[in-house]
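Below is one structure, written out as structure tokens; the observations come after it.
The values are calculated or read from the model by the stated rules, or taken from the named source; none is laboratory data. The structure presented is a predicted model; accordingly, all values stated were derived computationally and were not measured. Please note: Cβ atoms are built from the backbone with ideal geometry, for glycine as well, and neighbour counts cover all protein chains shown.
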Amino acid sequence: MLITCMFFMGLMPLTAQYNYFDLPLGKDKSRISFENFDNIIIVTTVINDSIPVRLILDSGVEGVIITDMDIAGFFADRCLRNFRITAPGTIEILEACITSPVKIKFRGLQPAFTNLIMLKEDYFSLESYIGTKVHGLIGIEKFKNLMVTTNYDKNQVTFERPSTYKIPNRAEVIPIIISHGKPYMNSRIELDNGTIMDLWLLIDSGANHPLLIENETIDNYQPQKSVEAIIGKGLAGNMKGRFARAGWLMLGNYRLDNVITSFTDAYLPEGNDRKLDRNGTLGSGALSRFKVTFDYSRERMILKKGSKFRKPFEYNMSGMTVRSKGDMFNVFEVSDIISGSPADIAGILPGDILVGLDDHLTFGMTLGDINQKLSTKEGTKLNLLISRNGTTLSFKIKLKRLI
């Protein structure tokens, strides 16, 4: 599971309209393709007509955030001021700077002239958990004057003028509130003990969990059946918590059943975002089951069922978390093992390099390929080839649903 960063300080945005993307005069709609990495949306853009960058399109952040030190080096002389930020999963203060405006272009859109937020160190390190090169993040609020529709089935994002947009048949319109450039919504959940409660959620398309709940906001509820694990990777490192299943989750009138839910008491630094009384985040693990349209101008989100709407929610059945390494992201290292899981029982250790999976060498696979094989069907038997301290070892595991 992956959790991206959020920033808890007020910036001074440009007030000009050029701070946001728009459609060219006379054009009502534009569509671009994106790369889909476990429901994380990666889009390509160009800064100052010469520097291509790959950004996570993320409703959970505000502005344009550069996390790659090579790209940050190009704009080091444009920093206007330094500041400090806090982030999920840490009490540490992280160093960043804000630049003078730069030109950012997307195909089919008028360019925006906007500040960059640049981290002073590579705190993020999410590339290894996504499995591809990423230079930073861009908030959906940068397109706030347009309808932004994500089609996870076709891996396309459509930008359209609100005046020409038509709500699809059998779609659900959900009111949202925009605060500091980020969308929030009401939802309802049945916990695994049958308790039903209303939740106030940040909609975070840059986090690939279905649902994350902050324990202290629901009286430190402990799920009846759960797995203790690293529940995500954030700006400041690993976040510990528990995975469990909710009975159901309501998004408007849509109901998702047996939802994999992360529970943590280590997400937000003390005092941050509490004025919003937020209970947690709705991630792309749930959003990807729909065609999702954000309408920031009218504070609403439109959902229409996608092809994965009824697909069961599953979690890694091997019990081992794998991350990618190397320039080509095709070296796969075991980073974490869940106690008592099939991988743990077989004797696989953190630091092991996975070189073969089910009689296929992994250098020709993607991280998504591997995660899919580890999450497909309970009872599946897999052959693993592991490199450990220069020695090649063979293991057999049988996938088991842990929650």
Odd one out for ASN82 among (1) farther than 30 Å from ASN316 by Cβ; (2) at pLDDT 95 or above: (2)
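Can you report the number of residues in segment 368-394 which are among the hydrophobic types (A, V, I, L, M, F, W, C) and more than 21 Å from VAL227 (Cβ to Cβ)?
Here is the first cut: in segment 368-394, the ones among the hydrophobic types (A, V, I, L, M, F, W, C) are 370, 374, 382, 384-386, 393.
If we keep only those that are more than 21 Å from VAL227 (Cβ to Cβ) too, we end up with 385-386, 393.
Total satisfying the criteria: 3.
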Taking interchain pairs and intrachain pairs at least six residues apart, which have beta carbon atoms under 6 angstrom, with the first residue in segment 313-339 and surrounded by fewer than 17 Cβ atoms within 10 Å (Cβ to Cβ) and the second among the aromatic types (Phe, Trp, Tyr)? ASN330/PHE363
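Name the residues in segment 168-178 that are outside any loop (DSSP other than H, G, I, E, B) and more than 19 Å from the chain's Cα centre (by Cα), would you?
GLU172, VAL173, ILE174, PRO175, ILE177
Scan segment 152-161 for residues that are crowded, with 17+ Cβ neighbours inside 10 Å and either aliphatic (A, V, I, L, M) or assigned to a loop (DSSP other than H, G, I, E, B) (or both) and jot them down. Let's see the steps before the verdict.
The initial filter retains those residues of segment 152-161 that are crowded, with 17+ Cβ neighbours inside 10 Å, namely 152, 157-160.
Scanning segment 152-161 gives TYR152, VAL157.
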When you check VAL355 against the structure, is it buried (at least 17 other Cβ atoms within 10 Å of the Cβ) and modelled with pLDDT of 95 or more, yes or no? no
Verdict on VAL61 being in contact (Cβ under 8 Å) with a residue 40 or more places away in the chain, under 27 Å from ASN371 (Cβ atoms), part of a loop (DSSP other than H, G, I, E, B) and touching a Phe, Trp or Tyr at 6+ places or on another chain (Cβ under 9 Å): yes
Any residue at all in segment 129-137 that's small (Gly, Ala, Ser), in the same structural domain as PHE37 (by TED's automatic domain parsing) and modelled with pLDDT under 95? yes
When every residue in segment 29-49 that is more than 19 Å from LYS291 (Cβ to Cβ) and polar (S, T, N, Q) is compared, the one surrounded by the fewest Cβ atoms within 10 Å (Cβ to Cβ) is ASN48
Run ASN186 past the list (1) within 15 Å of GLY280 (Cα to Cα); (2) touching a residue at least 40 places away in the same chain (Cβ under 8 Å) and report the number of the one that doesn't hold. (2)
Here's a check for you: in segment 293-312, which residue that is surrounded by 15 or more Cβ atoms within 10 Å (Cβ to Cβ) and under 19 Å from the mean Cα position of the chain (by Cα) is farthest from SER205 (Cα to Cα)? GLY306
Pair list, Cβ under 7 Å, 6 or more apart: segment 126-143 residue under 22 Å from ASP369 (Cα atoms), other residue surrounded by fewer than 23 Cβ atoms within 10 Å (Cβ to Cβ) and among the small types (Gly, Ala, Ser): SER128/SER324; GLY131/SER324; GLY131/GLY368
Look through TYR165, TYR184 and report the one residue that is touching a strand residue (DSSP E or B) at 6+ places or on another chain (Cβ under 6 Å), at pLDDT 95 or above, outside any strand (DSSP E or B) and farther than 21 Å from ASN258 by Cβ. TYR165
Given the conditions (1) under 30 Å from ASP77 (Cα atoms); (2) part of a strand (DSSP E or B), and given that LEU202 satisfies all but one, which numbered condition is not satisfied? (1)
Residues to consider are THR149, THR114; find the one that is in contact with a Gly (Cβ under 8 Å, 6 or more places away or on another chain), hydroxyl-bearing (Ser, Thr, Tyr) and either surrounded by 21 or more Cβ atoms within 10 Å (Cβ to Cβ) or outside the structural domain of ASP70 (by TED's automatic domain parsing) (or both). THR114
Of all residues in segment 133-146, which are within 16 Å of the chain's Cα centre (by Cα), in a loop (DSSP other than H, G, I, E, B) and crowded, with 18+ Cβ neighbours inside 10 Å? VAL134, HIS135
For GLU190, are the conditions met, namely being surrounded by 17 or more Cβ atoms within 10 Å (Cβ to Cβ) and among the acidic types (Asp, Glu)? yes
So which pairs qualify, if the first residue must be in segment 389-401 and within 9 Å of GLU378 (Cβ to Cβ), the second must be surrounded by 14 or more Cβ atoms within 10 Å (Cβ to Cβ) and aromatic (Phe, Trp, Tyr), the Cβ gap must be under 8 Å, and the two must be at least 6 apart or on different chains? ARG401/TYR315
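Would you confirm whether any residue within segment 357-364 is more than 18 Å from VAL227 (Cα to Cα), of a type in the set (Asp, Glu) and part of a loop (DSSP other than H, G, I, E, B)? Break it down stepwise before answering.
Keep residues of segment 357-364 that are more than 18 Å from VAL227 (Cα to Cα), which gives 357-364.
Next, from what is left, pick out any that are of a type in the set (Asp, Glu): 358-359.
Checking which are part of a loop (DSSP other than H, G, I, E, B) leaves us with 358-359.
Checked against the condition, which is being more than 18 Å from VAL227 (Cα to Cα), of a type in the set (Asp, Glu) and part of a loop (DSSP other than H, G, I, E, B), segment 357-364 yields at least one hit.
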